[in-house]
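Here the structure is laid out as structure tokens; the discussion comes afterwards.
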Amino acid sequence: MKILISAYSCEPGRGSEPGVGWSVAREVAKYHEVWVLTRPDESGDIIEAELARNPVPNLHFVYFNLPILGSLWRWNQSGAMQIHYYLWQIQAYFVARRLHRQIGFDAIHHVTFVKYSNPSFLSLLPVPFIWGPVGGGESAPKAFWQDFSLRAKAYETARSLIRRVGELDPFVYLTAKKSAVVRATTEDTAKRIRKMGVNKVEVICESGLPKEEILNLAQFPMPTDSTVRFISMGRLLHWKGFHLGLHAFAKANLPDAEYWILGDGPERQNLQNLAEKLGIAEKVKFWGRLPREQSLEKLSDCIALVHPSLHDSGGWVCLEAMAAGRPVLCLDLGGPTVQVTSATGFKVPAHTPEQVAQDLASAMILLAQDPELRSQMSQAAQTRVKEVFDREVMGAALAQLYEEIAGRRTPQTEQILLNSN
């Protein structure tokens, strides 16, 4: 089959949006011939260098940018990036229409950005269309705003307003209605899309890990020294909820325990002040932003990941922790709740900050005092990543989905089905 993928953000060797764009295209090209629409600027040279080192015969990239304002995305403002993205999507329609006349695509798939409140004009082409993964429908529960600064509250308000404006865009509605399938990263996003009158919505994690990385992370043994360590990793932003982790660690009041926080951002000083206020500063280590290899080394020294994010569409770090056999402590919100199960960690309800802190503290105490529970969750976490979040597994499932919506089945897919039985 001939597949067209739209990946505004696409780059090998990266996580988040660029990693989603690259991994989807590369894995699907194992089963179908794939053309990818993306930008030539920073990612083009990196993509071509990777393809020169590791050729993928069925994978073709089509680079283009706006004829004017092509460098608008470089402005250090999210608003400029969003304007560029919207205009680029319009340009993508004309590029794709010309390509379709030449090639004749069997299916079209919008992959990045992973955002439901912006349209994909490729849905207007007379070809079966898949929209997603798309997210962004998540919100920090109002009860948690009490801990936010004025700036953080302004951010949350603006985010909600921009999302509502996007939902009023008739092209967003058309994109949803014309999709053969909408793939939402969270149930929150799925509910918003269903309100547009679309029922063909499935909730699926955007993130996955390459098999070699899963195997490497599986080599991390669980620490056996007397100090019990918990870790949080990510940008230090208000909605990442690291302040909840600090409150929980203080409530747990574990002897010979530490809480490590990796990352940097505008909330760092506030978090350090909070650790002082809670009387746990000597047990909390702020490592700052570290190279990925060093970050994973720190993860290997800890027994569990604490990821109390208040609105996260994905959560790559949760998958990395699970692949390393570390239980995940998260909120029953957003992307992490799709990734984590009761067998692989603790998903606590998010009613109030006090309740979350207490529930996270209880989970910390259980894990600290029960090595057997840690071992059981470790094994379950690694099994789940191998069975569900291996990029090869995800790519094979997506290849089948293309054939289902196009009403075709190839010999490659027949072999996939045979191997799975």
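The values are calculated or read from the model by the stated rules, or taken from the named source; none is laboratory data. Model, not experiment: these values are computed from the prediction. Don't worry about glycine lacking a Cβ; one is built from the backbone with ideal geometry, like all the others, and counts go over all protein chains shown. SASA here: full protein model, heavy atoms, side chains in, ligands and nucleic acids out. Shrake-Rupley method; radii C 1.70, N 1.55, O 1.52, S 1.80 Å.
Take Ala143 and tell me if it is in a helix (DSSP H, G or I), out of contact with any Pro (no Cβ under 9 Å at 6 or more places or on another chain) and farther than 18 Å from Gln339 by Cβ.
no
Take the residues in the range 372-392 that are of a type in the set (A, V, I, L, M) and under 17 Å from the mean Cα position of the chain (by Cα); name whichever of them is most open to solvent (accessible area, probe 1.4 Å). Before you say what the answer is, go through the steps one by one.
First, pick out the residues of the range 372-392 that are of a type in the set (A, V, I, L, M): 373, 377, 380-381, 385, 388.
Now drop any that are not under 17 Å from the mean Cα position of the chain (by Cα), which leaves 385, 388.
Details: Val385: 0, Val388: 60 Å².
Taking the candidates together, the pick is Val388.
Could you count how many residues in the range 316-363 are assigned to a loop (DSSP other than H, G, I, E, B), in contact (Cβ under 8 Å) with a residue 12 or more places away in the chain and open to solvent by 10 Å² or more (accessible area, probe 1.4 Å)? Write out each step before concluding.
Of the range 316-363, the ones assigned to a loop (DSSP other than H, G, I, E, B) are 324-327, 332-335, 340-344, 349-352.
Still in the running and in contact (Cβ under 8 Å) with a residue 12 or more places away in the chain: 324-327, 332-335, 340-341, 343-344, 349-352.
Okay, now just the ones that are also open to solvent by 10 Å² or more (accessible area, probe 1.4 Å), so 332-333, 341, 343, 349-352.
Final tally of qualifying residues: 8.
Filter the range 210-247 for residues that are open to solvent by 30 Å² or more (accessible area, probe 1.4 Å) and touching a strand residue (DSSP E or B) at 6+ places or on another chain (Cβ under 8 Å); which is farthest from Gln146 (Cα to Cα)?
Going through the range 210-247, the residues open to solvent by 30 Å² or more (accessible area, probe 1.4 Å) turn out to be 211-213, 215-216, 218-222, 224-226, 229, 235, 237, 247.
Subset that is touching a strand residue (DSSP E or B) at 6+ places or on another chain (Cβ under 8 Å): 211, 229.
Values: Lys211: 42, Arg229: 29 Å.
Among those that are open to solvent by 30 Å² or more (accessible area, probe 1.4 Å) and touching a strand residue (DSSP E or B) at 6+ places or on another chain (Cβ under 8 Å), it is Lys211.
Are any residues in the range 160-187 open to solvent by less than 90 Å² (accessible area, probe 1.4 Å), touching a Ser or Thr at 6+ places or on another chain (Cβ under 7 Å), in a helix (DSSP H, G or I) and more than 18 Å from Tyr85 (Cβ to Cβ), and if so, which ones?
Ser160
Confirm whether Ile108 is β-branched (Val, Ile, Thr) and open to solvent by 10 Å² or more (accessible area, probe 1.4 Å).
On the way: β-branched (Val, Ile, Thr): yes; open to solvent by 10 Å² or more (accessible area, probe 1.4 Å): no.
Here the answer is no, as Ile108 does not meet what is asked.
In this structure, is Gly137 under 18 Å from Val165 (Cα atoms), touching a strand residue (DSSP E or B) at 6+ places or on another chain (Cβ under 9 Å) and not hydrophobic (A, V, I, L, M, F, W, C)? I'd like the intermediate steps shown before the answer.
Details: under 18 Å from Val165 (Cα atoms): yes; touching a strand residue (DSSP E or B) at 6+ places or on another chain (Cβ under 9 Å): yes; not hydrophobic (A, V, I, L, M, F, W, C): yes.
Judged against the criteria, Gly137 is a match.
Filtering the range 188-199 down to residues that are surrounded by 16 or more Cβ atoms within 10 Å (Cβ to Cβ) and at pLDDT below 90, which residue is farthest from Ser139 (Cα to Cα)?
Val198
Is there any pair with a first residue in the range 15-27 that is touching a residue at least 24 places away in the same chain (Cβ under 8 Å) and under 18 Å from Leu51 (Cβ atoms) and a second that is part of a helix (DSSP H, G or I) and open to solvent by 20 Å² or more (accessible area, probe 1.4 Å) whose Cβ atoms are under 7 Å apart and which are 6 or more apart or on different chains, and what are they?
Short answer, once both residue conditions are applied: Ser23/Arg391; Glu27/Arg391; Glu27/Glu392; Glu27/Met394.
Here is a list: Ser149, Ser160, Ser207. Which entry is without any contact (Cβ under 8 Å) to a residue 60 or more places away in the chain and within 29 Å of His351 (Cα to Cα)?
After applying the criteria, what remains is Ser160.
Could you look through the range 225-254, keep only residues that are polar (S, T, N, Q) and over 17 Å from Arg326 (Cβ atoms), and pick out the one that is modelled with the lowest pLDDT? Write out each step before concluding.
Start the filter on the range 225-254 by keeping residues that are polar (S, T, N, Q), which leaves 226-227, 232, 253.
Cutting the leftovers down to over 17 Å from Arg326 (Cβ atoms) gives us 226, 253.
Numbers: Ser226: 84, Asn253: 94.
Only one residue fits best here, namely Ser226.
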